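Worksheet: one structure, shown below.
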Amino acid sequence: MLYLVPTPIGNLKDFTFRAVEVLKEVDFILCEDTRTSSKLLQHYNILKPLTPYHQHNEHKVVDHLVQQLQAGKKIALITDAGTPGISDPAFLLVRACKAAGVSVTSLPGATAFVPALTNSGLPATRFAFEGFIPLKKGKKTLMESLVNEERTMLFYESPMRLVKTLQLFATYFGGDRKAAVSRELTKLYEENITDTLDNLILHFSNKQVKGEIVIVVEGKQ
């Protein structure tokens, strides 16, 4: 059995009883960064071997992991924060498991875009999750495809690129389009702001931005 286990996006208390139970029962845990994951696991007294699994090695180790699962191993996959497979490694391994007849169970848990969407004040009945915008190749094509998108759109972004991305959105969607920026979700300095893209650009241009970012953009009216 492969278990996909969501981890807290900030506050260590945002972890389920079931997640702790599963991680204590598996044979070993796959994680993006052993240093980051060790802090969480130590907090909950989870003493299991950690094996690196990230975008740089996942292609090389997938077959070996499937073989171990077929041999009866119970393995959990976690990421640095949030749900595996949501802008984080998981897809290749899950696909390989499905093809090999290996059971996969995904636990419910923390995902950054959900609280960002629900506290944005923008429509949440229909939405499109776009993840990270391509840095170069594909950016123009993506933005052109979203110009007429009527659903609320959600994006992940780094603090260093926040203002440039807001400016990109203003260029394609118009500066008067409503949007929301959430950062440091569940942490001490959590910030959630909903305004026009133009006003958000002004706000974040005049301050040093830290933390992981979720941008929620209103769909075309």
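Observations on the structure shown:
- For the chain, calculated [θ]222 nm from helices alone, where every DSSP H run of n ≥ 4 adds -39500 (n - 2.57): -10000 deg cm²/dmol
- GluC sites (Glu not before Pro) restricted to DSSP loop in segment 90-165 with at most 12 other C-beta within 10 Å: E150
- Least to most buried among F155, F132, F15 (fewest other Cβ within 10 Å first): F132, F15, F155
- Segment 167-221: translational diffusion in µm²/s, Stokes-Einstein, Kirkwood Rh over Cα pairs, 10 °C, 1.306 mPa s: 136
- Volume of the Cα convex hull of segment 2-106, divided per residue and given in Å³: 89
- Reachable lysines, given that their alpha-carbon falls under 19 Å from the alpha-carbon of K136 and they are not under 8 places away in the same chain: K164
- Mean separation of Cα contacts under 8 Å, 6 or more apart, over the residue count of segment 113-217: relative contact order %: 34
- Cross-link pairs beyond the 32 Å C-alpha cut-off, checked among K60/K220; K48/K187; K13/K139; K137/K220: K60/K220; K13/K139
- Other residues with beta-carbon under 14 Å from the beta-carbon of G175 carry, at +1 per Lys or Arg and -1 per Asp or Glu, a net charge of -2.
- Residues F91, F113, arranged from fewest to most other Cβ atoms within 10 angstrom of their Cβ, appear as F91, F113.
- Calculated FRET efficiency for the pair R161/H59, C-beta based, R₀ 25 Å, to 0.05: 0.40
- Extension gain for the segment E144 to R95, taken as residue separation times 0.36 nm less the Cα-Cα distance, is 14.6 nm to one decimal.
- When the alpha carbon gyration tensor of the chain is reduced to an equivalent ellipsoid, its three semi-axes come out at 35, 19, 15 angstrom, largest first.
- Hits among aspartates and glutamates - C-alpha to C-alpha of K140 under 16 Å, sequence gap 8 or more where chains match: E130, E149
- Sorting the segments 135-141, 65-71, 202-208 by their mean number of nearby beta carbons within 10 angstrom, highest to lowest, gives 65-71, 202-208, 135-141.
- Its Kirkwood hydrodynamic radius, worked out from the mean inverse distance over all distinct Cα pairs, puts segment 113-217 at 13.7 Å.
- Rounded to whole numbers, the Karplus 3J(HN,Hα) couplings from phi for segment 116-131 are 5, 5, 5, 9, 6, x, 9, x, 10, 6, 9, 8, 10, 8, 10, x Hz, using 6.51 cos²θ - 1.76 cosθ + 1.60 with θ = phi - 60°, and x at Gly and Pro.
Bear in mind these aren't lab numbers, they're just calculated from the coordinates by the rules spelled out. Small disclaimer: the values here were computed from a predicted structure and weren't measured. Here Cβ is always computed from backbone atoms with ideal geometry, including for glycine, and neighbour counts include all displayed protein chains.
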